[in-house]
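Structure first, then comments.
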């Protein structure tokens, strides 16, 4: 009988160690920023008064992550949200294969996004555009 008690104690310790290791791993992974978390500092704002496009375009270099057409984003100034919208990519500077553009833009790309009915005074250079719910890699090809 004492042998059985020792065996159960060893199993319990093994399960506790396994549980602790899994919990620690989940905590570490959960605290990391997702590779798709998107951030871009607005570099330029232009007013669009054409027959088709009315609103503003915002340009900047993507600092981290990826964003795709129709993904939601927020623009913040001094840490406070000032504008919400969905992504509409107008231009990607130095796009390698424009014929196969899948609507996704990535870290390092210099992009221009369209905000319909936006006003130039609403968004300024230095504002931060971010999204943590992107659809990148879900069905469309990378550039």
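Laboratory data are not the source of any read-out in this text; all were calculated from the coordinates shown. Please read all numbers here as calculations on a predicted model, not as lab measurements. For neighbour counting, all protein chains shown are included, and Cβ atoms are generated from backbone atoms with ideal geometry for every residue, glycine included.
Most exposed first by the Cβ proxy, i.e. fewest other Cβ within 10 Å, how do 105, 111 rank? Write down the numbers at each step before the final one.
On the way: 105 28, 111 23.
Listed from fewest to most nearby Cβ atoms, that is 111, 105.
Here 52, 115, 58 are placed in order of increasing Cβ neighbour count within 10 Å, fewest first, which gives 52, 115, 58. Per residue, the convex hull spanned by the Cα atoms of the stretch 38-131 measures out at 91 cubic angstrom.
Taking the fewest neighbouring Cβ atoms within 10 Å as the starting point, the ordered list for 54, 138, 80 is 80, 138, 54.
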